[in-house]
Amino acid sequence: MTTARFSTAATDRYGAVAQWLHWITAILVLATLPLAWVMINMEPKNPSVPTLFLIHKSIGVTIFAVVAFRILWRGLNPAPPLLWTLEPWEAWTARINHFLLYLILLAMPVSGYLTSAASNHPVNYFGLVTLPSLPENKPLAHAAGEVHEALSWALYALVGLHILGTAYHLILKRDGVLDRMLPKQFNAD
């Protein structure tokens, strides 16, 4: 990991593309997590279950694509420097949290795909295209399902930490961290 760069300006913000990718990812994650809870707690014979699984898998594929593009974009357009007001532990926590979020948001769709594809359940993207299937492999499907579930708990924790960190900076520190991920506000005068 590189050493932390710090900025004295709270106005150093992410670019519009990075902001859009962040908020699209957030919306997709916040949509699919409760959807997963609903679909796995429904009676398997409920006629809505296949549609909910289709939507969940499709959102997962979309998250994978958006996050992969985010990583590429960030490689070409580095993040603005961290604020100088951050304590070393805050900078370290932010970097680790972001790294783990990216990792999990790539690994979860892969584990979900392997769970479905290796158990003869096609991954159909919003009814438009079916992703390539795999030969049936129950041990792989089971292991991938276990990984998928474990990652979901880690994702809940990391998203919670991310939101708590944002609230901490917004309410207690008032240091403009959230502003960096929002479009610039202009005075209406």
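Values quoted throughout were computed directly from the atomic coordinates according to the rules given, and no laboratory measurement underlies them. Because the structure is a prediction, the values reported are computed rather than measured. Backbone-built Cβ (ideal geometry, glycine too); neighbour counts: all protein chains shown.
Would you confirm whether any residue within region 118-138 is assigned to a helix (DSSP H, G or I) and of a type in the set (Gly, Ala, Ser)? No; the residues of region 118-138 include none that is assigned to a helix (DSSP H, G or I) and of a type in the set (Gly, Ala, Ser). Within this structure, Asn124 passes the test of being under 14 Å from Gly60 (Cα atoms), out of contact with any Asp or Glu (no Cβ under 9 Å at 6 or more places or on another chain) and touching a residue at least 60 places away in the same chain (Cβ under 8 Å).
Would you confirm whether any residue within region 52-67 is outside any helix (DSSP H, G or I) and within 30 Å of Gly145 (Cα to Cα)? No, region 52-67 contains no residue that is outside any helix (DSSP H, G or I) and within 30 Å of Gly145 (Cα to Cα).
Within region 127-153, the set of residues being closer than 19 Å to Leu105 by Cα, of a type in the set (Gly, Ala, Ser) and either touching a residue at least 60 places away in the same chain (Cβ under 8 Å) or surrounded by fewer than 16 Cβ atoms within 10 Å (Cβ to Cβ) (or both) comprises Ala143, Ala150, Ser152. Could you please find all residues in region 15-51 being in a helix (DSSP H, G or I), among the polar types (S, T, N, Q) and closer than 22 Å to Pro109 by Cβ? Hits for region 15-51 are Thr25, Thr32, Thr51.
Please find, within region 68-116, the residue that is surrounded by the fewest Cβ atoms within 10 Å (Cβ to Cβ) out of those that are in a helix (DSSP H, G or I) and hydroxyl-bearing (Ser, Thr, Tyr). Restricting to residues being in a helix (DSSP H, G or I) and hydroxyl-bearing (Ser, Thr, Tyr), the top hit is Thr93.
As an exercise: evaluate Asp12 against (1) touching a residue at least 12 places away in the same chain (Cβ under 8 Å); (2) part of a helix (DSSP H, G or I); (3) not aliphatic (A, V, I, L, M) and give the number of the one condition it does not meet. Tallying (1) touching a residue at least 12 places away in the same chain (Cβ under 8 Å); (2) part of a helix (DSSP H, G or I); (3) not aliphatic (A, V, I, L, M), Asp12 fails exactly one: (2). Looking at (1) over 21 Å from Pro34 (Cα atoms); (2) in a helix (DSSP H, G or I); (3) not aromatic (Phe, Trp, Tyr), which one does Ser152 not meet, given that it meets all the others? All conditions pass for Ser152, except number (1). Only a single criterion out of (1) more than 21 Å from Ile55 (Cβ to Cβ); (2) out of contact with any helix residue (DSSP H, G or I) (no Cβ under 8 Å at 6 or more places or on another chain) is not satisfied by Val129, namely (1). Annotation: of all residues in region 155-189 being of a type in the set (A, V, I, L, M, F, W, C) and outside any helix (DSSP H, G or I), the one that is farthest from Leu114 (Cα to Cα) is Ala188.
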